[in-house]
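Novice: The structure under discussion is supplied below as structure tokens; questions concerning it will follow.
We did not get these values from a lab; they are worked out from the coordinates using the rules stated. What you see is a predicted model, and the numbers here were worked out from it, not measured in a lab.
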Ligand SMILES: C[S@@+](CC[C@H](N)C(=O)[O-])C[C@H]1O[C@@H](n2cnc3c(N)ncnc32)[C@H](O)[C@@H]1O
């Protein structure tokens, strides 16, 4: 079975925020809806493996090297009470899907589906054909990088039934949008545009002073002026243009304190009561 080694100091925080929301969501909506679904589009294996190095003896006795296993999002979702009526795990990696199938086998009475493949394709197949009346869902988009297409978010929004927790890689965007605009590779430019659903980021994130010297030579000194803050704001504005409600995200940092991700909660149901409830729960968790 494949071990899934990932995460840093903020991974536990991210998972605990999502867990708190899942728990409050299912408690609040259990009696109002006949079916509550959880869709984990980047599900991993169900476990998070952390390898601790040995610590030689010194002031304290020697600590041997050890492997710690913590719950990943898939196991966390299975533990939620009241239980979700249906859980869908999506995962690209074959060996991780095997681990998810094994997890499913441990819960024979639960309705669990493991879908192998790209999350964008799997989400389209799983949510478009569904009649959402009487159903509500939470989706967790937890990619390593920039794998979620804007068209996928449009599909989620169209359900008017799914609250989505979306981990946006600020570091990924920052890295792909090279400081010098002329150095952005076409593939990277296309990846950012696919993720944000617009090419407008380029004119907002870069200055464009086109100077002419005495000889009429053009100096295109196109430098990125957008910092992490501006990039996060741009993403938040894009999401707010699409979803009826988007909460102020939680910024997640690495061990060195550098901003790596922003965790957004976007609500696709335009109903005022639904927005009110999700906002109250979401804000109490995000601001805690
Ligand atoms: C950050 S990990 C998810 C961790 C998981 N949420 C957890 O808490 O255990 C990202 C996962 O997405 C998978 N993945 C990467 N690209 C994908 C894609 N395009 N579609 C679906 N899964 C993908 C990776 O194999 C990896 O397991």
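Novice: Can you give the angle from 0 to 90° between the axis of helix 150-159 and the longest principal axis of the chain, with both taken from C-alpha atoms, to the nearest 10?
Specialist: The angle comes out near 40 degrees.
Novice: Once the Cα atoms of helix 94-105 and of the chain are each reduced to a long axis, what angle between those two axes, in degrees from 0 to 90 to the nearest 10, is obtained?
Specialist: With both axes taken from Cα atoms, the answer is about 30 degrees.
Novice: Using a Gaussian network model on the chain with a 10 Å cutoff between Cα atoms, which of 262, 31, 23 fluctuates the most?
Specialist: Of the options given, 31 has the highest mean-square fluctuation.
Novice: Using only DSSP helix segments of four residues or longer, with each worth -39500 (n - 2.57), what per-residue ellipticity at 222 nm results for the chain after dividing by its residue count and rounding to 500?
Specialist: On the way: 10 runs with 112 residues, N = 288.
Mean residue ellipticity, 222 nm, calculated: -12000 deg cm²/dmol.
Novice: Compute the long axis of helix 272-286 from its Cα atoms, compare it with the longest principal axis of the Cα atoms of the chain, and write down the angle in degrees, 0 to 90, nearest 10.
Specialist: 80 degrees
Novice: At q = 0.08, 0.12, 0.13 Å⁻¹, what log₁₀ I(q)/I(0) does the chain have when each alpha carbon counts as one equal point scatterer in the Debye sum?
Specialist: Once normalised to I(0) and log-transformed, intensities are -0.39, -0.81, -0.93.
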